[in-house]
Structure formats: structure tokens, C-alpha cells
């Protein structure tokens, strides 16, 4: 009888230990996945923040870029945040294999047209209840490959209104340049604080 009880108790202990080990293994795997997601979020967010900061510096220094220091005359060179951002995004994508892109629901450059995922997230950013400045990311599977997609909103700053306010408030030199370069331009009529669009990044999880 005692021997049977000991065997039963031993069996119960083994069962409990096995359950704990399975549970711990599951928790450990879940922790790894959570840490992985957090690392991806930080990588994507910091990369986009660097591009946003660069765009902001370019926007705030348009007078320095376009005004001749000797004559004081204004010559609009088209060296604007969107152009610089596109160049940086293209070079970054070629260097790293991660796709970085500027996009918007109201396009100036048709090459920045959003795909379906970007369009869905841009519409989220427009909602009044969406937390200002917060990015959105998720792990997706496409063409049998796992990727991490992340997008962060960009907002209209005061300096952006030189090129994005109403057309009648835009300098003639700037308006002429934009009309020639972007005949189907939709990116007017903004106010300070409006959502201008977003910057998205695709990180491959295959390697």
C-alpha cells in the first residue's frame, strides 16, 4: 500500500514538473517573441525618427538654402524635405535591404503612392482618437516570407507651410516650380499640425 502511494506521489510529481517545464518553455518562447517585436519596433522607430529630424532641419533652413547671401535675392532650388527624404530613403534601402518610404493620402510626387497596407494605416492616423505621434507596426507574411512593417505619421510644421499651405499663400517662385515638376500635385491646403502622411519601413525577417 505504502509502495503504491509512493509510486502515485512520484507520478504526480513527475506530471507537475512536466507541466511546469512545458509552461516555462511556452513562456520563454513568448518572451523571445515579445522581445523580438520590441527590438523591431525600436529599430524601425529610431530609423524613421532620424529621417523625420533630417526633413525638419531642411524645412527650417529654406531661407539659408534659397536666399543668395550676397544679393539677398531668392532663388528656389527645390531642395525641400520631401526630395531629401526620398533620396535618403532610396540610398538606405539599397544599403540595408530594408525598404524605407515616404507616402501620403494627398500626393505631390506620384512615385510615393501608398500601397494598400500603407493606405489603411494612413487612414488610421487621420482618426481623431488615434494617439498623436504613435507609430503602428506588425509582423506579416507575404509571398511565404515574414516581414515587419512599421509606419509613423509625419505632421505639418510651420516651416512646411511654405510649400503646403493654400496656393495663393505660396511664393510665386515655389508655386511655378511645383506646377512644372508636379502637374497633378494634391499636397496643398494644409494647416500646422495636420497629418501630412507617414514614413514606412519594411524589415525582412528571413535573415
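The values are calculated or read from the model by the stated rules, or taken from the named source; none is laboratory data. On a predicted model such as this, the values are computed, not experimentally measured, just so you know. Neighbour counts are summed over all protein chains in view; Cβ atoms, including those assigned to glycine, are modelled from backbone coordinates with ideal geometry.
Every test in (1) crowded, with 17+ Cβ neighbours inside 10 Å; (2) part of a loop (DSSP other than H, G, I, E, B); (3) touching a helix residue (DSSP H, G or I) at 6+ places or on another chain (Cβ under 8 Å) is passed by residue 107 save one, and that test is (3). So, in segment 62-87, of the ones that are in contact with a strand residue (DSSP E or B) (Cβ under 8 Å, 6 or more places away or on another chain) and outside any loop (DSSP other than H, G, I, E, B), which residue ends up farthest from residue 203 (Cα to Cα)? Residue satisfying both the conditions and the ranking: 74.
If I go through segment 178-193 residue by residue, how many of them are in contact (Cβ under 8 Å) with a residue 24 or more places away in the chain and surrounded by fewer than 17 Cβ atoms within 10 Å (Cβ to Cβ)?
Here is the first cut: in segment 178-193, the residues in contact (Cβ under 8 Å) with a residue 24 or more places away in the chain are 178, 181-182, 184-193.
Narrowing further to those that are surrounded by fewer than 17 Cβ atoms within 10 Å (Cβ to Cβ): 181-182, 184, 186, 189, 191-193.
Qualifying residue count, segment 178-193: 8.
For segment 55-97, filtering for residues that are surrounded by fewer than 15 Cβ atoms within 10 Å (Cβ to Cβ) and within 30 Å of residue 148 (Cα to Cα) leaves 8.
Restricting attention to segment 96-143, the residues that are without any contact (Cβ under 8 Å) to a residue 24 or more places away in the chain, over 15 Å from the mean Cα position of the chain (by Cα) and more than 29 Å from residue 34 (Cβ to Cβ) total 1. Of the strands (runs of 3 or more DSSP E) lying entirely inside segment 117-207, those containing at least 2 residues that are closer than 19 Å to residue 82 by Cα, touching a helix residue (DSSP H, G or I) at 6+ places or on another chain (Cβ under 8 Å) and modelled with pLDDT of 95 or more are 145-155, 195-204.
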